Amino acid sequence: MEDYEKRVSPFVERFAADLTEAGMQRMASRVFACLLASEDGALTSAELSERLHASPAAISGAVRYLSQVALVSRQRDPGSRRERYLLHHDVWYTTMLNRDQLLTRWLGTLSAGAESVGIDTPGGRRVRESKEFLEFMREGLEDLLKRWQSRQG
């Protein structure tokens, strides 16, 4: 644990601060960073509590959030009641793939919205421009994801 406090904890707290600044909940950021830096990418609630000096309730809430956004999952060790929380395999790829699906849904809504608002109105033009930008981003993301897969393959 001393080695964790000295070497790993500063990274965990720095990366958690970066994630928090980007909009992730603070404790969820800390749990995610801690799991990312762990040996197996999986820890129990007690291990997370000890490493992060946080209450079990705080850990539970963070894990619930991370599960909802598909960054971690829960797993029971065979013959045990304790749950381990683990990062998804290739967590960044999976996260970006989920964002691609979200962008697709937004594009449908924005397309219908431009028609509803009126494509010749200032609001309609902003909605259409938002759609065009997100289409551009989705195409770029699709290309990046394909390139990542071939690089890993």
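The values are calculated or read from the model by the stated rules, or taken from the named source; none is laboratory data. Not measured: the values here are computed from a predicted model. With ideal geometry, Cβ positions are generated from the backbone for all residues, glycine too; neighbour counts draw on all protein chains shown. Accessible surface areas use protein heavy atoms only, side chains included; no ligands, DNA or RNA. Shrake-Rupley method; radii C 1.70, N 1.55, O 1.52, S 1.80 Å.
Observations on the model:
- Size of charge dipole - the chain - debye, nearest 20, with Cβ of Lys, Arg +1 and Asp, Glu -1, no other charges: 300 debye
- The HN-Hα couplings worked out from phi for the stretch 139-149 by the Karplus form 6.51 cos²θ - 1.76 cosθ + 1.60 (θ = phi - 60°) are 4, x, 5, 4, 5, 4, 5, 5, 5, 4, 4 Hz, whole numbers, x standing for Gly and Pro.
- Scanning residues 5 or more positions from Gln25 or on other chains, none has an amide H under 5 Å from its amide H, with H placed 1.01 Å from N in the peptide plane.
- Solvent-free Debye scattering, log10 I(q)/I(0), computed from the Cα coordinates of the stretch 75-139 at q = 0.18, 0.25 Å⁻¹: -0.70, -0.97
- Alpha-carbon spread of the stretch 1-83, three principal axes, descending order, Å: 38, 31, 21
- Coordinate range of the alpha-carbon atoms in the chain per principal axis, descending: 63, 36, 33 Å.
- Stretch gain in nm, segment Arg147-Glu132, where the contour uses 0.36 nm per residue and the Cα spacing is subtracted: 3.1 nm
- Karplus-based coupling profile of the stretch 123-137, in residue order and whole Hz: x, x, 5, 5, 5, 4, 5, 4, 4, 4, 5, 5, 4, 4, 5, with θ = phi - 60° in 6.51 cos²θ - 1.76 cosθ + 1.60 and x standing for Gly or Pro.
- Of the solvent-accessible surface of the stretch 1-128, computed with a 1.4 Å probe over protein heavy atoms with every protein chain present, carbon and sulfur atoms account for 53 percent.
- Heavy-atom accessible surface of the chain, averaged per residue, reaches 65 Å², computed with a 1.4 Å probe.
- Heavy-atom accessible area with a 1.4 Å probe sorts Glu132, Glu47, largest first, into Glu132, Glu47.
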